[in-house]
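Taking it in order: structure first as structure tokens, then the write-up.
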Amino acid sequence: MKKLSVLTMAAVFAVLFVMPYFLGVSTGQTKSVTLNYANFPPAPTFPCVQMERWKKQVEKKTNGRIKINTFPGGTLLGAKGMMDGVIAGQADIGCLCMAYQPGRFTVTNAVSLPLGIPDSETGSLVLLDLYKKYKPVSFNKVKVLTMFTSAPASIMCKKPVRTLADIKGVDLRASGGAAAILRIWGANQIGMPMSATPEALQKGVVQGLFSSLEVMKDLKFAEDCKFVTMTNTVVYPFAVVMNLNTWKSLPENTKKIMDNLAEDQAEWTGNYMDSHVKDAIAWSKKVHGVEFIKLDKKSTAKWNAVLSPIVEKWIVKADKKGFKGKEIVSSIKTMIAEHSK
Ligand code: DTR
């Protein structure tokens, strides 16, 4: 009798704990899950660096129950198809730059108005707060995992742009809110995602671009663009989103881990970006002799003064679409003040 019960207990133990191990199921009774994470630019750029950091954090915090396969460089989904690809389930997770679809993400793209966001850390926290406050319908079909912004944009160009007169008619690449700014300054603005820009620069389709300066190093733009005009004007917003069915299928403790990571990831990415811009500037000067043109106070005021109609126009447009344009702008201003303290 005693013998039998020992045998029975051993069998029960084997069924509950040993067999699941060999079937690849963890003893926490939760299956291990592999998720595919798509990104559009090349691996060394900051959207991909933050992707690898998020992957590591999630794998560590879930003790390996979640595994993330990352796909940089548009190998799974490209820049403009990212949101719809994730909604359709072509990838479980995707990182998108909202500026590439300006009409689709009205509320969150408002961080690309010239409102004086000083750096990427502030921009990233403001953007995440803005999303949480307004929960825009454009994200109804996905789960938002985090958001962040680039650092403020400056002009990288093959020729020197020292004054507003110098920029007139120059073919420069920018998207979204930054594109509107280039047009007002008189450049010939050309829209395309960052991933298409290296080829456009090499082929001479554009003379330069308007973006955050870390790409001088990460995409080697310092080889072509020997002049940078430090305008520090506008940030580009990004979102990391998950397919809703994937999200619903995840265990509650995993969802909690991912939710808790949202703000930390935004802040980490902002910090990484801000310090990496400094590195890229030093590297571009040292390795490629790039000239960084600083605008004095008087010139800065001149460059900024022409931008004021942009905010007014955006408010009118947003109101027409049914958003509270003025309130959104004033929320952003309050959030900037809070986060740049
Ligand atoms: N400034 C936006 C976004 C951006 C900034 N750095 C990178 C690197 C890779 C992809 C996008 C971005 C832009 O110019 O597209």
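The values are calculated or read from the model by the stated rules, or taken from the named source; none is laboratory data. On a predicted model such as this, the values are computed, not experimentally measured, just so you know. Cβ coordinates were reconstructed from backbone atoms using ideal geometry, including for glycine residues, and neighbour counts include every protein chain displayed.
Restricting attention to the stretch 214-254, the residues that are within 15 Å of the ligand (Cβ to nearest atom) and either within 23 Å of GLY94 (Cα to Cα) or under 16 Å from the mean Cα position of the chain (by Cα) (or both) total 11. For the stretch 285-306, the tally of residues that are touching a residue at least 40 places away in the same chain (Cβ under 8 Å) and farther than 26 Å from ALA222 by Cβ stands at 3. Looking across ILE332, ILE315, ILE328, ILE293, one residue alone is modelled with pLDDT of 95 or more, in contact with a strand residue (DSSP E or B) (Cβ under 9 Å, 6 or more places away or on another chain) and either assigned to a helix (DSSP H, G or I) or surrounded by 13 or more Cβ atoms within 10 Å (Cβ to Cβ) (or both). It is ILE293. Filtering the stretch 113-144 to residues that are away from the ligand (no atom under 16 Å from the Cβ), under 13 Å from the mean Cα position of the chain (by Cα) and under 22 Å from PRO41 (Cβ atoms) leaves LEU128, VAL144. All but one of (1) touching a helix residue (DSSP H, G or I) at 6+ places or on another chain (Cβ under 7 Å); (2) part of a helix (DSSP H, G or I) hold for LYS55; state the number of the condition that does not hold. Of the numbered conditions (1) touching a helix residue (DSSP H, G or I) at 6+ places or on another chain (Cβ under 7 Å); (2) part of a helix (DSSP H, G or I), the odd one out for LYS55 is (1). Set side by side, the residues PRO72, PRO42, PRO47 differ, and just one is within 25 Å of VAL126 (Cα to Cα) and within 12 Å of the ligand (Cβ to nearest atom), which is PRO47. Set side by side, the residues LYS313, LYS294 differ, and just one is closer than 20 Å to ALA151 by Cβ, among the basic types (Lys, Arg) and more than 20 Å from the chain's Cα centre (by Cα), which is LYS294.
Scanning the stretch 243-252 for any residue that is in contact with a His (Cβ under 7 Å, 6 or more places away or on another chain) and among the aliphatic types (A, V, I, L, M) turns up nothing. The set of residues in the stretch 79-112 being more than 15 Å from the ligand (Cβ to nearest atom) and more than 18 Å from ASN39 (Cβ to Cβ) consists of GLY103, ARG104, THR106, VAL107, ALA110.
Set side by side, the residues ILE181, ILE190 differ, and just one is closer than 16 Å to TRP303 by Cα, within 14 Å of the ligand (Cβ to nearest atom) and touching a helix residue (DSSP H, G or I) at 6+ places or on another chain (Cβ under 9 Å), which is ILE181.
To keep it simple, each residue is scored yes or no on (1) closer than 27 Å to LYS333 by Cβ; (2) small (Gly, Ala, Ser); (3) buried (at least 20 other Cβ atoms within 10 Å of the Cβ); (4) touching a helix residue (DSSP H, G or I) at 6+ places or on another chain (Cβ under 6 Å).
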position: SER120; (1), (2), (3), (4): yes, yes, yes, yes
position: SER138; (1), (2), (3), (4): yes, yes, no, no
position: THR149; (1), (2), (3), (4): yes, no, yes, yes
position: PRO152; (1), (2), (3), (4): yes, no, yes, no
position: PRO160; (1), (2), (3), (4): no, no, no, no
position: ALA165; (1), (2), (3), (4): no, yes, no, no
position: VAL170; (1), (2), (3), (4): no, no, yes, no
position: GLU199; (1), (2), (3), (4): no, no, no, no
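Going through (1) within 12 Å of the ligand (Cβ to nearest atom); (2) over 24 Å from GLY85 (Cβ atoms); (3) aromatic (Phe, Trp, Tyr) one by one, TRP268 falls short only on (1). Pairs are defined by a Cβ separation below 6 Å, a sequence spacing of at least 6 or placement on different chains, a first member in the stretch 41-55 that is under 15 Å from ALA151 (Cα atoms) and touching a residue at least 12 places away in the same chain (Cβ under 8 Å), and a second member that is near the ligand (Cβ under 10 Å from one of its atoms) and hydrophobic (A, V, I, L, M, F, W, C); the pairs so defined are PHE46/MET273; PRO47/CYS95. For SER175, indicate whether it is among the polar types (S, T, N, Q), within 16 Å of the ligand (Cβ to nearest atom), in a loop (DSSP other than H, G, I, E, B) and buried (at least 23 other Cβ atoms within 10 Å of the Cβ). Yes.
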